[in-house]
Structure formats: structure tokens, C-alpha cells
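The structure appears below as C-alpha cells.
Values in this text are rule-based calculations from the coordinates and carry no lab data. Here the structure is a predicted model, which is why all the values come from computation and not from measurement. We place every Cβ from the backbone using ideal geometry, glycine too, and count neighbours over all the protein chains shown.
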Amino acid sequence: MCGLCGVLGNEADWTHAPGVVFFGAAATWRAQRLERVRVANLILTQFGLSLADWEGTKYQLSNRTGRTEIVDNWAQVWQAAERILGRACDPLDPLLVARLERFERED
Amino acid sequence: MPETAFIPVNVITGFLGSGKTTLLQRLLGSPELADTAVLVNEFGEVGLDHHLLRRLDEEIVLLQSGCVCCTIRGDLSTAIRDLYGRRERGEILAFRRLVIETTGLADPVPILSTVMAEPVLRHHFRLGNVVVTVDAVNGLSHLEGQEESAKQAAVADRIVITKTDIASRREVAALRRRLARLNPAAPTLQTAPHLPLDPDLLLTHDLYELDSRSEEVRRWLAIENEQGSSSLPDDRHIDVNRHDARIQAFCLRFERPLDWTAFGIWLTMLLHCHGSNVLRVKGMLNVAANPGPVVIHGVQHLVHPPDHLLEWPDDDHSSRIVFIVKGLSRDMIERSLEAYSGLGASSQ
């Protein structure tokens, strides 16, 4: 729990399960978290959404008009995105996949 | 807490009349499963399953509601919590395994999610093999005509073809072919009253047992070698109205290491959007900058905590992921995952 704001962390999802240790670029918990936000934003921007880390315990998901939801983990990010957009973010959407492929080629 | 400290939970399911209770009775008679508690669920007015199992006495808790499904998931949770509480207080035998027998019409996924996701239970129990019984005489028509039956077979870790003593060889062979197409990653066994049964293969050998883990993963991945033979003669003209017709199994291979961050985002997004159509996902991943493979294992919206293996089972270090999906495009899944993987830091 954060001593200043009293927020209980609840990032219990399988991508961050206890015992899952990874090496390389995002070796620390904090670095991993920031890297996840960076990669997620490459996708969320395609839907007009953006994600920000909030005190290392939660995430803020916002659209361009400022509507914001605070969520705990990845499953909740996609649930909140669906509430904001009124439709689910489909990773199999051919247009989305084509844009991501183009992004990768240009990078 | 080490994995061994968790109590494994096996779910035995199968369509109405497919021989779940008979199988359970035979399994519970073996010494390997002496310390097993059982939860049974009756359907309808007559608790036939309960009466058949009454000799198990203290270890049976009969769920009061009709069907173990979403609406009474709380009952299942309460029943398991109660069982665990009595175990801890020493009121019943300190059972080392729990078996849940569902009704023939049950969707097994809510039961699995209760064990994996319920806040208290997930700290004491872990999911073991899901065993599905399929009747050799009527199984094919159940798979074709009953959505529950096709789904039960698709989420199975082990499939048991029952009543082979009263079915023709031809019927059994046709059923085996259909099941192999529906869920090639699950070993399929045949039983009849006179045939021996291997309780270890059915229940105790699973992904979380160190002794059987590598073998289990190898078994999943063998599907890749068998894909060339999936267009069996009886599958050439598939009736699109068949409930199992839109379910397909395939194995994707990725030669370059996958970025864990990008993979996690992709899979959580896929399962949020299409979870009800991703019946099973199992794989061994080569994660960038990670020395050994990472094993992933999911059922619909649920994903087990990933597991690290100390070493690769062979010289092939490519990522291989088995999907059993309903109505989703294999090509699109592959293309999408490739595109997402390219977004990670390890790919740049």
C-alpha cells in the first residue's frame, strides 16, 4: 500500500503473476510497467485512447475528450476501453493489424 | 508458495449418459486416489449420481442447486471453501486432491474459473486435468448436435471414450477421428468394464507436476506434426450446422523470440474480445532474453500463471502455440500476433 495515498495495489493478472521473472530491457518491475504502458499506447492510439501509469499501482485510460477511467490491470484496461469506445478493441481487426505492420516496417 | 502445496482440482465432465460416474467410481477405487475428496452435482429430481456414490460417505458434498454453472458458481465456491475448512479443522481426512463431477449439460468453464480466480480458493487449490467422457455409441451425434458436448471435448486435457464394449470398431474409429480434429492436444483413451484404467495418466500427470511437465508440453506440440493429416475422409464435407464444425485446432510457430510485454498485451486483448471463442490456448514460448522456455496455458478468458521451464525439451527453440478456436481465422491470429510482437522493445 502507498503510504501517501493509501492505495492498495491490485495488479493480479497472469502477465504479472508471482514467479514470472523476465530479463533484458525491462528487467525491473518498474521498467516492465513503463514498457507495458509504452507498447499499449502504440495500440491504444489507434483507437484514440491513451494510457498512463498512476503512482505505480494503477493505470489511467483516457480518450481525447478527457474521459478517464482508472484500472488495475490489463483485463480491466480492455474492459474500460470498451466502455469508453462503445465497442471492443479487436486485435484481429484487419485494418488495425495492417496499421501495426506498417508501423513496424517504418520503425 | 510452491506449486506442490496447492491441492489439485480435477473436473470430470461429459454429456448426459456418457459414463462420468462410472469412470469416477473406477478411478476412486484405485489406491493412487485414496485421499481424494469428491464434489458431485445432481441434475433433476433424482440425485442418481449421489446414490451411486453414497459409499464415499463423508467426502461427498452434494451441491443443492441444479447445475454447476455461472448462476451458482457461488455454491461451488462455498462448497469447496467448506470442504477446505473442515479439512483444516481436522473434521475430515486431509484430502490431497479434489474431483468435481459436473452435470452432463454443464459448461465446464465457469467451474474452472471458480477454482482459478476465486480470491480464497486460488491460494489453496490449483486446476488439474479436465477429463471429458464421450460415449462411443452416441458421442458423434452429441458432438454434432449439442454445443455443450463439442465445447466439453474442446476444453479437455484428457478424453475418455466410454462404452467401447457395446460399440462397433467403426463407430469408435470415427469418433476418435472427430475428437482428434476437435482437440488433438488431449490424449484420448478408451474404456470398457474389462479394460484397465490408468488413473495417473488421467488425473495426476499434468503440467504442474515436475515429473510429467515436459512430457505434457511435448504432447501438446506433437499436434504440429499431425496437422498435415487433419483432412480426414469424413471431414471433407463438413455440415456448417454441426456444432463442432466451426471448432478448429492448429499450432502456430514463431521463429524469432517473442517480446513478453507485447505478447501479454496481445493475448489479454484477444481474450477480452474473443475469449468465448478461444476454447484453449497452450504453448511454449521463446521469450526474448529469457534462457528457458515459458509455458502458457489458458481456457477461454482464463490464463494460468505462466511457468518457466529450466531447459528446452529438444533443440527446437522456436515458440509454438496451440489454439483451439471457434470461428476465428488462423491466418488472422498469426498475422496479428506477428504484428504485435514487432512492437516490443526486444524486437527493435
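Quick notes on this one:
- Put simply, region A:16-106 fits an ellipsoid with semi-axes of 22, 19, 12 Å; these come from the alpha carbon gyration tensor as the roots of five times its eigenvalues, largest first.
- A Cβ-based charge dipole, computed about the Cα centre of region A:16-106 with Lys and Arg at +1 and Asp and Glu at -1, lands at about 160 debye.
- Per-residue Cβ neighbour counts within 10 Å put B:Thr261, B:Thr164, A:Thr45 in the sequence A:Thr45, B:Thr164, B:Thr261, beginning with the fewest.
- Once backbone amide H atoms are built at 1.01 Å from N, B:Leu93 has no partners under 5 Å, excluding neighbours fewer than 5 places away on the same chain.
- Sequence of B:Glu255, B:Glu147 once ranked by neighbouring C-beta atoms within 10 Å, starting from the fewest: B:Glu255, B:Glu147
- Exposure proxy ranking, count of Cβ atoms within 10 Å, fewest first, for B:Leu39, B:Leu258: B:Leu39, B:Leu258
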